[in-house]
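Chemist: After the structure tokens below, expect a handful of questions from me.
The values are calculated or read from the model by the stated rules, or taken from the named source; none is laboratory data. These numbers were taken from a predicted model, which means no experiment stands behind them. Positions of Cβ are generated from backbone atoms using ideal geometry, with glycine treated the same way; all protein chains shown enter the neighbour counts.
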Amino acid sequence: MAEVLHLFQALAHGQPVREFDEAFAVANKGFKDCVHGRPGSSRQLLLVDVETLDEFGIVPGRVKENITTRGIKLERLLMGQRMRIGEALVEITKECQPCHQMDAIRQGLQEALRGRRGILCRVIESGHIRRGDSIEIVGQEGAEKMKTQDESDTAVGGTTK
């Protein structure tokens, strides 16, 4: 069974994320108290699976994810798929591309995490999410394979989206 293992929010820019037992996901924003959530953004929530974190020896929360999952292969999910996580409904918007901050954790981690950095979602329906809540795929409508950054660049004539 896919489940929520950890919940994190950034309460201030430039600070480590803090762990919570429960968070409130706000439609079209992200977690209520997280400074990274923005209306209209495709990056409202970041989900990363604990299996990947364990493989690379990374402590949950270190890559600033909002939700650490267990039992679901995030890299196999499709853009546009919807998931019920606790009371909230989220939609996958894109794969998260590892940035230079990963190399601050460990040199070479940015490249090592390419294609495994997690998924970004927008919140469709507000609701509480708690540690231990189940994660259920509830919609395939409009879903499509996530493109790598290189594929996305090519798709728009060689420019970044």
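Chemist: When you look at Gly30, is it farther than 24 Å from Gln81 by Cβ and of a type in the set (Gly, Ala, Ser), yes or no?
Modeler: Details: farther than 24 Å from Gln81 by Cβ: no; of a type in the set (Gly, Ala, Ser): yes.
Considered against the rule, which asks whether it is farther than 24 Å from Gln81 by Cβ and of a type in the set (Gly, Ala, Ser), Gly30 comes out as no.
Chemist: Scanning for something crowded, with 17+ Cβ neighbours inside 10 Å, modelled with pLDDT of 95 or more and under 18 Å from Ser134 (Cβ atoms), does region 35-46 turn up at least one residue? Don't jump to the end; show me each part of the working.
Modeler: Taking region 35-46 as the starting set, the residues that turn out to be crowded, with 17+ Cβ neighbours inside 10 Å are 36-37, 44-46.
Next, from what is left, pick out any that are modelled with pLDDT of 95 or more: 44-46.
Filter once more, keeping what is under 18 Å from Ser134 (Cβ atoms): 45.
Checked region 35-46: at least one residue is crowded, with 17+ Cβ neighbours inside 10 Å, modelled with pLDDT of 95 or more and under 18 Å from Ser134 (Cβ atoms).
Chemist: Continuing with the same structure: Which count do you get for residues in region 6-45 that are in contact with a Pro (Cβ under 6 Å, 6 or more places away or on another chain) and more than 17 Å from Arg122 (Cβ to Cβ)? Can you show your working first?
Modeler: Quick first cut of region 6-45, residues in contact with a Pro (Cβ under 6 Å, 6 or more places away or on another chain) only: 6, 28-29.
Now drop any that are not more than 17 Å from Arg122 (Cβ to Cβ), which leaves 6.
Looking only at that region, the number is 1.
Chemist: Moving to a separate point now. Sort out which residues of region 31-67 are part of a loop (DSSP other than H, G, I, E, B) and polar (S, T, N, Q), and write them in order of number.
Modeler: Ser41, Ser42, Gln44, Asn66
Chemist: Then there's this: For region 11-21, check the following and say yes or no: at least one residue is under 23 Å from Ile137 (Cα atoms) and over 13 Å from the mean Cα position of the chain (by Cα).
Modeler: Step one: filter region 11-21 for residues under 23 Å from Ile137 (Cα atoms), giving 21.
Then keep just the ones that are over 13 Å from the mean Cα position of the chain (by Cα); that gives 21.
Looking for residues that are under 23 Å from Ile137 (Cα atoms) and over 13 Å from the mean Cα position of the chain (by Cα), one finds at least one in region 11-21, hence yes.
Chemist: Can you pull out the residues in region 85-100 that are at pLDDT 95 or above, at negative phi and not in a strand (DSSP E or B)?
Modeler: Glu87
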